[in-house]
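What follows is a single structure, written as structure tokens, with notes after it.
The values are calculated or read from the model by the stated rules, or taken from the named source; none is laboratory data. Everything numeric here is computed off the predicted structure, so don't read it as measured data. Cβ atoms come from the backbone with ideal geometry, glycine included; neighbour counts cover every protein chain shown. Heads up: the accessible areas ignore ligands, DNA and RNA and are worked out on the full protein's heavy atoms, side chains in. Shrake-Rupley method; radii C 1.70, N 1.55, O 1.52, S 1.80 Å.
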Amino acid sequence: MTAFAPRLPIPTPRERPAGPAAFLLGIATNPLSLLTRRHYEELFVPMRGLLGTTAVVSDPAAIRHILIDNAAHYRKDPLQLRVLKPIFGEGMLTADGADWRRQRRTLAPLFTPRRTALHARAMLEAGLAFRATLDAYPDGAAIRVDQAMAELTLDVLSRTILRGGLGAEPKIVTAALRRYLATAGRVDPLDVLGAPAWLPRLGRTFGRGAVQTLGRVVDDLVAARRGEPGAQGRDDLIAALLDARDPETGQGLTESEIRDNVLTLMAAGHETTANALTWTLLLLGAHPGVRAACEAEIDAAGPLDDDPAAAPDRLPLVKAVIEESMRLYPPAATLSREAIAPDVVAGHALPAGATVFISPWVVHRHRRLWDEPDAFRPERFLGPARDAIPRFSYLPFGAGPRICIGAAFAMQEAVILLATLLRSHRFEMQPGEDAPGPVQRVTVRPKGGLTLRVHRRPA
Ligand code: HEM
């Protein structure tokens, strides 16, 4: 493997695929630990095992084929749905076919470029409010960055898409989401073995309380919004979902579709962005030279207040740092699809029912697609170098019809929040401390959390 900064550990690729017992353990605890050297060196790695016929596909042309050209012949794979459905229900992320199309149409107006830009000021305000909480800590205090970022991005959702909807509950919601992702949100060995649904899954049993808390919070929000008189100011997510009508049938969404989509956006929209920011702060802590260059760019650009939506254009290095961070630590590490008909992918025949894994984690660190794949080099994402990156070699937000609906929202948010924090504070690793390695639990997060020391920057 190419040398990698020793302070940022990643799982060592296995020389050989795991046997059945190690596979079950790995899939339940950290699927990244199952990857072999071959995955990083070959563009198509087939396997027959407990999951039936599978293939890890990293060939950019084949990825395009699966996610775009032949997307109609693939669907979200059942194993992934079993993990995600307990929380996302029938919301857009986990729906398929006509249901998915209707929901995507309904939610699309919330994520247009104009609407996204309108959210910029609230993102800035959330960043400034968080900065005020940082100011309350003594200089050099150790803070749990992963938790702080989760609360911060949930605050952004509450101020933007939910329009203050979470009220006094954000801490309860973040805690419940984290608990869910740590317990229920993982593949259970019983699912892999095809055990019947009535057999209790340990993780899901522990996560049930969290799911109930989340459901209750959202039901209360929807009920409160439904009871509000008049249509004035009703441009938030819940109102849009309540008002949505299928252009073909005139039908509205059902109670459960509304609830599931609110939960979907809350979960899909905050944990991912929080992890992107967490890894970015860790990488900057480990690369003080890049951090200093970011600080210089932010200082030179001046305050963002006049036009916060322009932040990604005004701060190209900050944006590049976030993009490079999502290359090394893509929050959504694996996309999986089931072939609904036989297909030929990268010259290999796949039977109907085969599962293909397109792993941004693997693609982004692939030896044949990137120079020095494990090195943190934000300049890859600056100027002409950025334009030269092939579309299907970099896909933190996926691609094709099911590409992340919140991609532009997330990038704008991450740049504004990072710039706001770096303008006033510096996040540092303690000398001699090892950084946590990554663990995949729906999203890729630092194992055991991330603690950094936070210092006020000199004025
Ligand atoms: C850095 C932040 C984010 C990352 C890395 C990310 C990544 C992704 C990826 C890879 C997918 C595609 C999954 C697949 O094809 O199987 C996806 C879908 C989705 N994302 Fe994001 N996401 C982020 C932020 C957000 C935000 C801020 C929102 C909303 C507020 C959001 C809402 C969704 C939804 C609803 C889907 C399902 C789209 C569909 O199936 O049509 N995401 N995301």
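A few comments on the model shown:
- With K and R counted +1 and D and E -1, the other residues having a Cβ less than 14 Å from that of L304 yield a net charge of -3.
- Local charge for R102 was computed over the other residues whose Cβ lies under 12 Å away, with Lys and Arg +1 and Asp and Glu -1, and equals -2.
- Given +1 at the Cβ of Lys and Arg, -1 at the Cβ of Asp and Glu and no other charges, the dipole of segment 20-456 around its Cα centre is 760 debye to the nearest 20.
- Here the gap between I10 and D246, fully extended at 0.36 nm per residue and compared with their Cα-Cα distance, gives a gain of 80.3 nm.
- Packing rank of 85-91, 38-44, where each peptide gets the mean count of other beta carbons within 10 Å, highest leading: 85-91, 38-44
- With contacts taken as Cα pairs under 8 Å at a separation of at least 6 residues, segment 340-439 carries a relative contact order of 13 percent.
- Computed helical MRE - 222 nm, the chain, DSSP H runs ≥ 4 contributing -39500 (n - 2.57), nearest 500: -15000 deg cm²/dmol
- Computed lengthening from D135 to A108, 0.36 nm per intervening residue step minus Cα-Cα distance: 5.9 nm
- For the chain, with all protein chains in place and a probe radius of 1.4 Å, 57% of the accessible heavy-atom surface sits on carbon or sulfur.
- At q = 0.13 Å⁻¹, base-10 log of I(q)/I(0) for segment 20-456 (Debye sum, equal scatterers on each alpha carbon): -1.26
- Within the full protein context, the accessible area of I27 is estimated at about 20 Å² for a probe radius of 1.4 Å.
- In this structure, A300 and L382 have a Cβ-Cβ separation that, at R0 = 22 Å, corresponds to a calculated FRET efficiency of about 0.90.
- Exposure of D219 as accessible area (Å², to 10), given a probe of 1.4 Å and all protein chains: 70
- Taking a Cβ cut-off of under 9 Å around V439, the surrounding Lys, Arg, Asp and Glu residues balance to a net charge of +3, with basic ones at +1 and acidic ones at -1.
- The loop-placed GluC sites (Glu not before Pro) in segment 232-312, going by DSSP, that have at most 11 neighbouring Cβ atoms within 10 Å of their Cβ come out as E248.
- As a length-normalised measure over Cα pairs under 8 Å and 6 or more apart, the relative contact order of the chain settles at 28 percent.
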